[in-house]
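Here is the structure we will look at, set down as structure tokens.
The values are calculated or read from the model by the stated rules, or taken from the named source; none is laboratory data. Only a predicted model underlies this, so the values are computations on that prediction, with no experimental measurement involved. As a convention, Cβ positions derive from the backbone with ideal geometry for all residues, glycine included, and neighbour counts pool all protein chains shown. SASA here: full protein model, heavy atoms, side chains in, ligands and nucleic acids out. Shrake-Rupley method; radii C 1.70, N 1.55, O 1.52, S 1.80 Å.
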Amino acid sequence: MAWRSTGATNAELVANMQSAGLIKSSCVAQAFAQTDRAHYVKEHSRAYEDAPSSIGYSATISAPHMHAYAAESLQSSIRQGKAVLDIGSGSGYTAAIFHRMLEREGGHGKVVGIEHIRELVEQSKRNLKADGLAPQLEQGHIQMVCGDGRLGWPEDAPYGAIHVGAAAPNITEALVQQLDKGGKMFIPVSEDAVLGRGDQYIWEVEKDEQGVVRKRKVMGVMYVPLTDAERQRSLYTI
Ligand code: SAH
């Protein structure tokens, strides 16, 4: 079971997710093995727990099994030369994973992480540097920007893959437009995402080579809401 993937080390966590069938491809396995979760959490002693963990400002780094699920879902769309957009990039962990998946494809496609809490953007850059990715930040292979991810990031569109790390109220046209032909978006959607209540489901949105869009609801989940920064800050008390 997913929540049983907890390990004593990063390698053990990855191995457990492989045994559980959460990580299937070698591309995803390698990216997770190279990206030590300890660089991205606040509580180092809990780095390899298969559970979400607070990173401050009412945000969490998602549970490893959710990251694995997202990476597997987007794997075939993370291709050489295509940009990847990571919305609600939080700790920077998923940006590192997607960068390493792209790198394995032999190219230097760009990963853009967009996060609306400036302090988290700065923290994510520190995390990425601690993870040895300072050159990639300097060279622009990974770019962490501060902004409202509900609007996407048109500057680097279209994207081969879009990952949304917070629950949106709906699948907005702005994001679908920024998806490339042949691209895929992974997005948690809640009917009441603004208030952080209601059932949430992962939707996979695919755009085929002719530009036809197909949406598929895949599973129930629990994410923090994709909301506005002031509202999120007002909820933050810790
Ligand atoms: N993938 C990240 C998920 C962090 S939780 C990780 O695992 O570390 C979701 C993140 O979305 C939070 O950091 C939150 O601040 C951010 N967020 C919420 N609404 C947003 C918005 N409108 N624009 C950009 N980021 C947003």
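Details
- Of the residues making up the range 107-132, those that are touching a His at 6+ places or on another chain (Cβ under 7 Å), modelled with pLDDT of 95 or more and either under 30 Å from Lys207 (Cβ atoms) or away from the ligand (no atom under 16 Å from the Cβ) (or both) are Lys110, Val111.
- Counted as qualifying within the range 92-197 are the helices (runs of 4 or more DSSP H) with 2 or more residues that are buried (at least 19 other Cβ atoms within 10 Å of the Cβ), namely 93-104, 118-130.
Here's the yes/no breakdown for (1) within 14 Å of the ligand (Cβ to nearest atom); (2) touching a residue at least 12 places away in the same chain (Cβ under 8 Å); (3) farther than 18 Å from Met17 by Cβ; (4) of a type in the set (S, T, N, Q):
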residue	(1), (2), (3), (4)
Tyr48	no, yes, no, no
Gly56	yes, yes, yes, no
Ile61	yes, yes, no, no
Met66	yes, yes, no, no
Leu102	no, yes, yes, no
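- Per-region count, the range 207-229, residues within 11 Å of the ligand (Cβ to nearest atom) and not in a loop (DSSP other than H, G, I, E, B): 2
- Residue count for the range 81-100, restricted to those that are at pLDDT 95 or above and away from the ligand (no atom under 16 Å from the Cβ): 1
- Scanning the range 21-40 for residues that are in contact (Cβ under 8 Å) with a residue 40 or more places away in the chain and open to solvent by less than 50 Å² (accessible area, probe 1.4 Å) turns up Leu22, Ile23, Ser25, Cys27, Val28, Ala31, Phe32, Thr35, Asp36, Arg37, Tyr40.
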